[in-house]
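The values are calculated or read from the model by the stated rules, or taken from the named source; none is laboratory data. None of these values were measured; they are calculated from a predicted model. Cβ atoms come from the backbone with ideal geometry, glycine included; neighbour counts cover every protein chain shown.
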Amino acid sequence: MSEPAITPELVQKHNLTPEEYEKLKATLGREPSYTELGIFSVMWSEHCSYKNTRPLLKTFPTKSPRILVGAGEENAGIIDIGDGLAIAFKIESHNHPSAVEPFQGAATGVGGIIRDIFTMGARPICSVNSLRFGPITEDAKRANSTGANELSPIANNRRLFGGVVAGIAHYGNCFGIPTVAGEVYFDKSYEGNPLVNAFCLGVLRHEQIARGQACGIGNPVFYVGPATGRDGLAGAAFASQDLTEESAEKQRGAVQVGDPFMEKLVCEACLELLATGAVAGIQDMGAAGLTCSTCETAARAGTGIEIELDKVPQRAPDMSSYEIMLSESQERMLIIVHKGREEEVKRIFDKWDLPWSEIGVVTDTGHMVVKHHGKIVADIPARKIADESPVYQREAKEPAYLKEVRAFNLSGVPDTQDPMADLKALLGWPTIASKNWVYRQYDHMVRDNTVVCPGSDAAVLRIKEDCLPAVSATQHATHTTPEKLIALSVDGNGAYVYLDPYEGGKIVVAEAARNLACSGAAPLGVTDNLNYANPHNPELFWQLKESVRGLADACRAFNAPVTGGNCSLYNQHPAGPIDPTPTVAMVGMIDKPEHITTQWFKDEGDAIILLGEVVDASDPLFGLGGSAYLQRIHGLKNGTPPRCDLEKEKELHLALRALIYSGVVKSAHDCSEGGLAVTLAESCISQQIARETPRLIGAQIDLTEEAVPPSPPLEERAGERRPVPNLDAAVHGDSPTADRAAALRLDALLFGEAQGRVIISVAAVDAVKVLAQAKILGISATRIGTVGGEGLQIKTPGATLSGDVTELHDLWWNSIARAMR
Amino acid sequence: MNFAVLQFPGSNCDQDVVHVLRNVLGHSARLLWHKDSSLGEADAVIVPGGFSYGDYLRTGAIARFSPVMDAVQRFAADGGLVLGICNGFQILCEAGLLPGALIRNRSLQFRCEHTFLKTATADSSFTSRIPPDKLLRVPIAHGEGCYFADEETLARLKANHQILWRYVTAQGEPTEAANPNGSLDNIAGICNEQRNVAGLMPHPERASELILGCADGRLVFESMIHALVGKPVALAT
């Protein structure tokens, strides 16, 4: 088989710049072969090398005494959770493949991240995902609506959404991993370029940590798992380019096909093999398949590796060395075995009826040498290609649109005319509506560990003995393992980040931390997925740079080190770039089962208390900038988003946890998209007992005064009508010292998204105590109402809203299902 | 008691069943590999949920040919207690140990949610400890749980009181809304004519501990244990 000659066109086709090609030649000291060119192109793609983002990633806090394996060291970070136990977790994107083939794209995203976790020696115990799509409904007022021909993109958005969810369900359910949490946003900027970020977490004992290192000169290198085919050729390179109209047709071959059943067998066999102690190093073949796994394991160990492609199991005839090296066929692993213990690999993989093949050996040359049909087809210094990829300091320039954003004020925005109608519209808006249409398709309970199912602020899982990978027969677990409780949340409001990358970045982390605090958990660490557009555009790169600064500052504030993550750039469609969307998955720990807290109101008569400010008076937009209200009701994605005061936020989380630990908090729900009104409504309607059986409960809320005294019944003040606040000052936002009354634009009061707020409920007898405790803890707390009564009633200075909880629940619970029917 | 929990490639609720039997109920439970041709010492067999062999051909269609299934057939023929949960129910139907079949959910989507179950009869080794009017809150998680049988079979199931559980509302009514998958007659679980082999789509092992929100499912296992404990006594008298 003759290989094509290397021409500048071929180099360009491989996504390498002329400068990168020069660097490649310098690395090799000669012209590359065709196979080598392919190898370099994937290893130096953004997906594998982080060449555009590495300088930024270095600014993340990555240290903590709990970190056992840090960011960038291995396939996933590992955190100590005490008693000799640890968790491994990571998030990764599969955006481009999902745009082209949603079902398989998303399914293999899940498969890839699960492999990253068991590669570390951990047993995967849960999955989480973060998804973004174009709108699936036609809003009354949709930003940039162009009328009649909008229908077809919406149908396509629904197709992508449905396909991605089905793909995630297919893979996770069959593998037998619960998908316990997630988030979904719908926005025009993701039309044609959906985001699919998949997260997996696994559990292991400290001594079970496995390394992706080709250790021990002379050790044999095994290939295990299904045979290599032509699917997913150069997927990593594909993921590092802009999506185009032709992508769907041309690139479908770059999308892999997943087999969760195979992955389940490979996972069980690998964990069984790891328990024997015969493994010197292990790495999954993910992005860039055989190429990446061989280069990286050799580079980490400072060794070389030599493989023979004739020994690689192949399911397509006449595959070239280029194709074998670049294939991203799924569910394959590379295992380096201590010499003399080869039989154990064979025994275990035969037991599971899995293909295996000894394909090479660890050498002392420092080179990755690939042989095919008796000839050397690639000979590359492993460390150089893996660790010395080009690094770019991209130019960053503040985007022009931000001037307009900063100039935005509410003068052209009429206050809400029918607040109940607006509340209903928000509850039924797919971004806010219940995601049960999604998570009811995911098995979220398998493995018997899910303590809080999807539908509350954070998922809570227990970690019990059988979550851990088996220990070998000769090694006995010396002590019983105490159960642990962890909480997980994933967040990322792209609209905020678009409108103010720095503040938006902070909010992404703050919201995840707040969700954990609401569940009773303290943060352990985060993994982040940076989804951005083309880094060569200075304005788009500025978004990336500024938001990373925000993320990093917030991670430091919450003492939540970054243990690893993923960058996905080039997320743009001909219609434009996506909103900059960093998603952050945060994992926390809950000390005792009695601290587990859920978001829904529990009992009639309980006091409802707002922790944090009713309205952020220092914000000229009162929390409406970038809000769901402005987007959904006014068709505006504009205005400076709410400010995030990290110190205040941190104090709030500490205080909330202190209150939870004291045993008085019966529910806690974070105030985010849709503001106070949506948060209160969700607290009334979000508990689900069983199929078709929600547990609905009313609430009587009074926002007419800054602080509602705990005792007087609401009727007594029913006749009172406070003067309508001075709306003019608020409308023009020209008074930086606008006092609280002036701030009370009704829409701001109800739907403003000021940060640092949580709604809790406590027994009526505890209310006074809790308000006093909050004061001591230094946070603002206001009793705003009582659980129970007829429906949800919110009294405000301007109007009283009354909603039937059955109707609110129906809008919130069924909106997505109706859109997808 | 000694429970044998089958393990096929692709089983994924095997550990959960073992956990409940061992750690919650205090009995002995061990995994039995699908290539084993003997059950060893077993008082009862549980066929757990999952995606045996990936369920690629048809749910349970390949698992029934496993060597271990021959042993289960003999065990059942001798009157041994066999319970199939979810994929285990599908396997028992494919193996002919239970009548009928489980087909794709009417919604054409996988469904994972809690359901209410009404026990139709206490006259079985799987339901004897369930109080007559108690509704069980037990989760389902399946894509192919729509129970189907021809009219004749269905009539026989009813006549012989082989229907053990139905999906019902919180008020105990077997309505269409309460039916998560389109099963005939809201059927969630059945037993064979001899009443020693049963299958159900809901997962009692996921509803056996209060920390997971509900412990109703334990009653199913406790009924089996009760039947097994009772057995030697019955023989002695």
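Could we say that B:Val82 is surrounded by 23 or more Cβ atoms within 10 Å (Cβ to Cβ), away from every other protein chain (no Cβ under 14 Å), of a type in the set (A, V, I, L, M) and under 23 Å from A:Leu265 (Cα atoms) here?
Numbers: surrounded by 23 or more Cβ atoms within 10 Å (Cβ to Cβ): yes; away from every other protein chain (no Cβ under 14 Å): yes; of a type in the set (A, V, I, L, M): yes; under 23 Å from A:Leu265 (Cα atoms): no.
Taking the combined requirement at face value, the residue does not satisfy it.
When you scan region A:376-389, do you find a residue that is within 14 Å of chain B (Cβ to nearest Cβ), assigned to a loop (DSSP other than H, G, I, E, B), surrounded by fewer than 22 Cβ atoms within 10 Å (Cβ to Cβ) and within 30 Å of the chain's Cα centre (by Cα), even just one? Full working, then the answer.
Narrowing region A:376-389 to residues within 14 Å of chain B (Cβ to nearest Cβ): none.
No, there is no match, as no residue in region A:376-389 is within 14 Å of chain B (Cβ to nearest Cβ), assigned to a loop (DSSP other than H, G, I, E, B), surrounded by fewer than 22 Cβ atoms within 10 Å (Cβ to Cβ) and within 30 Å of the chain's Cα centre (by Cα).
Determine, yes or no, whether B:Cys112 is within 25 Å of A:Glu692 (Cβ to Cβ), within 14 Å of chain A (Cβ to nearest Cβ) and under 16 Å from the mean Cα position of the chain (by Cα). Give the steps one after another, and end with the answer.
Values: within 25 Å of A:Glu692 (Cβ to Cβ): yes; within 14 Å of chain A (Cβ to nearest Cβ): yes; under 16 Å from the mean Cα position of the chain (by Cα): no.
So B:Cys112 fails the test.
Taking region A:333-355 as the region of interest, how many residues are hydrophobic (A, V, I, L, M, F, W, C) and assigned to a loop (DSSP other than H, G, I, E, B)? Walk me through it before giving the result.
Keep residues of region A:333-355 that are hydrophobic (A, V, I, L, M, F, W, C), which gives A:333-337, A:345, A:348-349, A:352, A:354.
Remaining after also requiring assigned to a loop (DSSP other than H, G, I, E, B): A:352, A:354.
Number of matching residues: 2.
How about region A:575-597: which of its residues are among the charged types (D, E, K, R), over 21 Å from the mean Cα position of the chain (by Cα) and assigned to a loop (DSSP other than H, G, I, E, B)?
Residues of region A:575-597 among the charged types (D, E, K, R): A:579, A:591-592, A:594.
Now narrow it down to the ones that are over 21 Å from the mean Cα position of the chain (by Cα): A:591-592, A:594.
Scanning region A:575-597 gives A:Asp591, A:Lys592.
Among what's in region B:101-127 and is of a type outside the set (A, V, I, L, M), assigned to a loop (DSSP other than H, G, I, E, B) and out of contact with any helix residue (DSSP H, G or I) (no Cβ under 6 Å at 6 or more places or on another chain), pick the residue that is surrounded by the fewest Cβ atoms within 10 Å (Cβ to Cβ).
To start, the set of residues in region B:101-127 that are of a type outside the set (A, V, I, L, M) comprises B:104-107, B:109-116, B:118-119, B:121, B:123-127.
Filter once more, so that each one left must be assigned to a loop (DSSP other than H, G, I, E, B): B:104-107, B:109-110, B:121, B:123-127.
When the remaining residues are screened for being out of contact with any helix residue (DSSP H, G or I) (no Cβ under 6 Å at 6 or more places or on another chain), the result is B:104-107, B:109, B:121, B:123-124.
On the way: B:Arg104: 16, B:Asn105: 20, B:Arg106: 15, B:Ser107: 15, B:Gln109: 17, B:Thr121: 18, B:Asp123: 11, B:Ser124: 24.
Out of the qualifying residues, it is B:Asp123.
Quick one: A:Lys63 ticks every box in (1) touching a Pro at 6+ places or on another chain (Cβ under 7 Å); (2) outside any loop (DSSP other than H, G, I, E, B) bar one, so which box is it?
Unmet condition: (2).
Looking at A:Glu296, A:Glu328, can you tell me which residue is assigned to a helix (DSSP H, G or I), within 21 Å of A:Gly232 (Cβ to Cβ) and at pLDDT below 95?
Numbers: A:Glu328 fails: assigned to a helix (DSSP H, G or I).
Matching residue, one of A:Glu296, A:Glu328: A:Glu296.
A:Ala71: crowded, with 24+ Cβ neighbours inside 10 Å, of a type outside the set (Ser, Thr, Tyr) and under 22 Å from the mean Cα position of the chain (by Cα), yes or no? Please lay out each step first, then the result.
Values: crowded, with 24+ Cβ neighbours inside 10 Å: no; of a type outside the set (Ser, Thr, Tyr): yes; under 22 Å from the mean Cα position of the chain (by Cα): yes.
Criteria not met by A:Ala71.
Criterion first (part of a helix (DSSP H, G or I) and either buried (at least 21 other Cβ atoms within 10 Å of the Cβ) or at pLDDT below 95 (or both)) does A:Asp528 satisfy it?
Details: part of a helix (DSSP H, G or I): no; either buried (at least 21 other Cβ atoms within 10 Å of the Cβ) or at pLDDT below 95 (or both): yes.
It is false that A:Asp528 is part of a helix (DSSP H, G or I) and either buried (at least 21 other Cβ atoms within 10 Å of the Cβ) or at pLDDT below 95 (or both).
Taking into account only those residues within region A:423-442 that are touching a Phe, Trp or Tyr at 6+ places or on another chain (Cβ under 7 Å) and either away from every other protein chain (no Cβ under 14 Å) or in a loop (DSSP other than H, G, I, E, B) (or both), which is farthest from A:Gly176 (Cα to Cα)?
Looking only at region A:423-442, we keep the residues that are touching a Phe, Trp or Tyr at 6+ places or on another chain (Cβ under 7 Å), and these are A:426-428, A:430-431, A:433-434, A:436, A:441.
Narrowing the set further to residues that are either away from every other protein chain (no Cβ under 14 Å) or in a loop (DSSP other than H, G, I, E, B) (or both) leaves A:426-428, A:430-431, A:433-434, A:441.
Values: A:Leu426: 35, A:Leu427: 32, A:Gly428: 32, A:Pro430: 28, A:Thr431: 28, A:Ala433: 27, A:Ser434: 24, A:Gln441: 13 Å.
If we take residues in region A:423-442 being touching a Phe, Trp or Tyr at 6+ places or on another chain (Cβ under 7 Å) and either away from every other protein chain (no Cβ under 14 Å) or in a loop (DSSP other than H, G, I, E, B) (or both), then A:Leu426 is farthest from A:Gly176 (Cα to Cα).
Just checking, does region B:190-207 include any residue being closer than 22 Å to B:Gln73 by Cα, crowded, with 22+ Cβ neighbours inside 10 Å and within 14 Å of chain A (Cβ to nearest Cβ)? Outline the logic, then answer.
Of the residues in region B:190-207, the ones closer than 22 Å to B:Gln73 by Cα are B:190-201.
Right, trim to crowded, with 22+ Cβ neighbours inside 10 Å and you get B:190-191, B:196-201.
In the following step, the residues that additionally are within 14 Å of chain A (Cβ to nearest Cβ) were identified as B:201.
Yes, there is a match, as at least one residue in region B:190-207 is closer than 22 Å to B:Gln73 by Cα, crowded, with 22+ Cβ neighbours inside 10 Å and within 14 Å of chain A (Cβ to nearest Cβ).
Taking region A:105-126, which residues are in contact with a His (Cβ under 9 Å, 6 or more places away or on another chain) and more than 22 Å from A:Glu328 (Cα to Cα)?
Within region A:105-126, just A:Cys126 meets the criteria.
When you scan region B:97-108, do you find a residue that is aliphatic (A, V, I, L, M) and closer than 15 Å to B:Arg195 by Cα, even just one?
The first filter runs over region B:97-108 and keeps only residues aliphatic (A, V, I, L, M), leaving B:97-98, B:101-103, B:108.
Within this subset, residues satisfying the condition of being closer than 15 Å to B:Arg195 by Cα are B:97-98.
Within region B:97-108 (the criterion being aliphatic (A, V, I, L, M) and closer than 15 Å to B:Arg195 by Cα), the answer is yes, since at least one residue qualifies.
Go through (1) at the interface with chain A (Cβ under 10 Å from one of its Cβ atoms); (2) surrounded by 22 or more Cβ atoms within 10 Å (Cβ to Cβ) one by one and return the number of the condition B:Thr169 breaks.
(2)
Residues to consider are A:Val184, A:Val203; find the one that is surrounded by fewer than 24 Cβ atoms within 10 Å (Cβ to Cβ), within 23 Å of A:Ser489 (Cβ to Cβ) and touching a helix residue (DSSP H, G or I) at 6+ places or on another chain (Cβ under 9 Å).
Numbers: A:Val203 fails: surrounded by fewer than 24 Cβ atoms within 10 Å (Cβ to Cβ).
Being surrounded by fewer than 24 Cβ atoms within 10 Å (Cβ to Cβ), within 23 Å of A:Ser489 (Cβ to Cβ) and touching a helix residue (DSSP H, G or I) at 6+ places or on another chain (Cβ under 9 Å) holds for just one of A:Val184, A:Val203, which is A:Val184.
Select, from B:Ser66, B:Ser128, the only residue that is touching a residue at least 12 places away in the same chain (Cβ under 8 Å) and over 30 Å from A:Asp350 (Cα atoms). Even if it seems obvious, please write down each step before you answer.
On the way: B:Ser66 fails: over 30 Å from A:Asp350 (Cα atoms).
After applying the criteria, what remains is B:Ser128.
Can you name every residue in region A:659-677 that is more than 18 Å from A:Ala458 (Cβ to Cβ) and among the hydrophobic types (A, V, I, L, M, F, W, C)?
Listed by number, the residues that qualify are A:Val664, A:Leu676, A:Ala677.
Any chance you could count how many residues in region A:74-92 are more than 15 Å from A:Gln208 (Cβ to Cβ) and over 16 Å from the mean Cα position of the chain (by Cα)?
Selection size over region A:74-92: 1.
Can you pull out the residues in region B:128-149 that are buried (at least 23 other Cβ atoms within 10 Å of the Cβ) and more than 14 Å from chain A (Cβ to nearest Cβ)?
The answer is B:Ile130, B:Tyr147.
Looking at A:Gly286, A:Gly281, A:Gly277, A:Gly304, which is the one that is more than 14 Å from chain B (Cβ to nearest Cβ) and surrounded by fewer than 23 Cβ atoms within 10 Å (Cβ to Cβ)?
On the way: A:Gly286 fails: surrounded by fewer than 23 Cβ atoms within 10 Å (Cβ to Cβ); A:Gly281 fails: surrounded by fewer than 23 Cβ atoms within 10 Å (Cβ to Cβ); A:Gly304 fails: surrounded by fewer than 23 Cβ atoms within 10 Å (Cβ to Cβ).
The conditions single out A:Gly277.
Give me the residue from region A:240-271 that is away from every other protein chain (no Cβ under 12 Å) and modelled with pLDDT of 90 or more and, out of that set, surrounded by the most Cβ atoms within 10 Å (Cβ to Cβ). Spell out the reasoning first.
Our first condition is that a residue be away from every other protein chain (no Cβ under 12 Å); within region A:240-271, this holds for A:240-257, A:270-271.
Next cut, modelled with pLDDT of 90 or more only: A:270-271.
Values: A:Cys270: 27, A:Leu271: 22.
Here the residue is A:Cys270.
Return only the number of the condition from (1) over 23 Å from A:Trp437 (Cβ atoms); (2) within 12 Å of chain A (Cβ to nearest Cβ); (3) touching a residue at least 40 places away in the same chain (Cβ under 8 Å) that B:Pro99 does not satisfy.
Every listed condition holds for B:Pro99 apart from (2).
Can you name the residue in region B:6-46 that is in contact (Cβ under 8 Å) with a residue 60 or more places away in the chain and assigned to a strand (DSSP E or B) and, of all such residues, is farthest from the other protein chains (Cβ to nearest Cβ)?
The selected residue is B:Ala44.
Scan region A:187-194 and tell me whether some residue there is buried (at least 24 other Cβ atoms within 10 Å of the Cβ), outside any loop (DSSP other than H, G, I, E, B) and modelled with pLDDT of 95 or more.
Yes, the conditions are met somewhere in region A:187-194.
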